[in-house]
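FYI, it's all coordinate maths here, none of it is from the lab. Fair warning: this is a prediction, and the values are worked out from it, not measured in the lab. Reconstructed Cβ throughout: ideal geometry from the backbone, glycine too, with neighbour counts over all protein chains shown.
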Amino acid sequence: MTSLDTLHANAGSRDYAELTQRIRKIGLLRRRHGYYAVKISLNVLAFAGGWVAFFHVGDSWWQLFLAVFFAVMFAQLSFIGHDAGHKQIFRTRRANDVVGFWHGGMVGLSYASWMDQHTRHHANPNHEDDDPDIHIPAIAFTVEQGRTRRGLLRWMVKYQAFLFFPLLLLEGFSLHVSSVKSLWRKDLKARWVEACLLTGHFAAYLTAVFLVLSPGTAVLFILVHQCLWGLYMGCSFAPGHKGMPTLAAGHALDFLRRQVLTSRNVRGGVWVDFALGALNYQIEHHLFPTMPRPNLRLAQPLVRAFCDQRGIEYAQCGWLRTYGYVLQHLHAVGAPLRLAGR
């Protein structure tokens with residue numbers, strides 16, 4: 001990530017207003033209630049069908065295939081929670097929160113805690129001080145972060161490019177733990193609602209797994225399910241910003257350039273849109289967080305053309321290439337520590 005604290009210092013903010021006017025004029029900010037009604041219904045039916053199949057199959061190693069299925073479903077349900085958090089589904093915050101809390105409960109995540117962190121990320125993407133998404137103890141995203149690590153964490157930063165995907169296998173467990181820890185925050189929105197939802201989720205999940213499966217199979221089912229879900233989530237969110245430029249305190253970028261220059265799109269068709277929950281349109285999503293998911297694909301050509309007209313670099317590449325950029329960046333950040341250790 002290169003620092004952008006001195007680039008585009010004199011950029012104006014009127015560009016974003018003009019782009020927004022164009023987007024609004026063709027109706028891309030209008031809610032897509034029909035789309036979300038179908039999407040949520042299909043997700044819930046598939047999720048419920050998965051549990052029916054789980055009880056029908058019983059204590060069998062075939063359940064590991066269902067563990068893979070549930071990893072995919074947990075991610076798809078999480079994507080709906082993400083959309084609700086951005087008010088993409090309904091116009092009012094209350095209606096979106098109902099959907100968000102419900103989906104958070106289904107996968108065992110604190111919707112309110114995630115909302116707090118994700119809102120700060122959107123306000124300050126890749127900001128070296130203010131973006132919580134680039135402050136992860138096990139990974140350093142800048143050379144300066146790497147130099148502050150000590151002990152095991154310092155060793156991990158040295159080889160973080162090799163450890164990145166293995167670490168993502170733990171992301172599902174990390175999300176659960178951080179969700180439970182957030183319940184101790186007295187300022188957490190709807191804390192008791194979250195407590196009931198998370199308690200209900202873990203009680204139902206663990207009871208079902210250990211009631212139907214033998215202890216060994218149950219533990220393996222949980223490991224496969226949670227590890228693959230964590231890997232899926234990490235692989236969905238990481239391409240959008242990791243390996244892109246960071247912003248230092250006091251930078252002079254306006255909103256449009258701050259969002260575009262720190263984000264990366266992933267090129268692909270409808271299957272990529274489905275697999276990544278349309279997070280592959282990270283630039284458009286950051287510029288218009290309330291834009292319904294299916295409209296992001298329609299906005300992409302317009303946004304790119306607008307950026308090209310104004311000489312704003314617009315990053316987009318294929319799915320596999322974006323992981324190459326991420327790993328290259330992580331390897332480069334760890335290089336000074338590896339050299340120091342020789």
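Among 80-86, 51-57, sorting by the average number of other beta carbon atoms lying within 10 angstrom of each residue, highest first, gives 80-86, 51-57. Report, to the nearest 10°, how far helix 33-57 tilts away from the longest principal axis of the Cα atoms in the chain, using its own Cα long axis and a range of 0 to 90°. The angle comes out near 40 degrees.
Using the alpha-carbon atoms, what tilt in degrees (0 to 90, nearest 10) does helix 93-107 show relative to the longest principal axis of the chain? Helix 93-107 sits at roughly 50 degrees to that axis.
Computed from Cα atoms alone, the Kirkwood hydrodynamic radius reported for the chain is 21.4 Å. Taking label points 7 Å from Cα along the Cα-to-Cβ direction, VAL143 and THR290 give a separation of 4.2 nm. Each part gets one Cα centre, and for region 79-151 versus region 212-248 those centres are 15 Å apart.
Computed from the C-beta positions of ARG150 and ALA252, the FRET efficiency with R₀ = 25 Å rounds to 0.15. Summing Cβ point charges (Lys, Arg +1; Asp, Glu -1) relative to the Cα centre of region 14-340 gives a dipole of roughly 600 debye. In plain terms, the chain from ASP59 to ALA305 could stretch by 83.0 nm, reckoned as 0.36 nm per residue minus the Cα-Cα distance.
The simple spin-label model puts a point 7 Å past each Cα toward its Cβ; for ASP116 and LEU211 those points are separated by 3.3 nm. Note: relative contact order over region 202-295, using C-alpha pairs below 8 Å and six or more positions apart, is 24 percent. Partners of LYS39 within straight-line reach, counting lysines whose Cα lies under 29 Å from its Cα and excluding those fewer than 8 residues away in the same chain: LYS25, LYS87, LYS189, LYS242. Ranking ASN280, PHE255, THR20 by how far each Cα lies toward the positive end of the dipole of the chain (charges on Cβ) leaves THR20 at the top. Straight-distance candidates among the aspartates and glutamates for linking to LYS158, with alpha-carbon spacing under 19 Å and chain neighbours fewer than 8 residues away dropped: GLU144. Rounded to 0.05, the FRET efficiency of the LEU29 and ARG267 pair, given R0 = 22 Å and the Cβ-Cβ distance, is 0.40.
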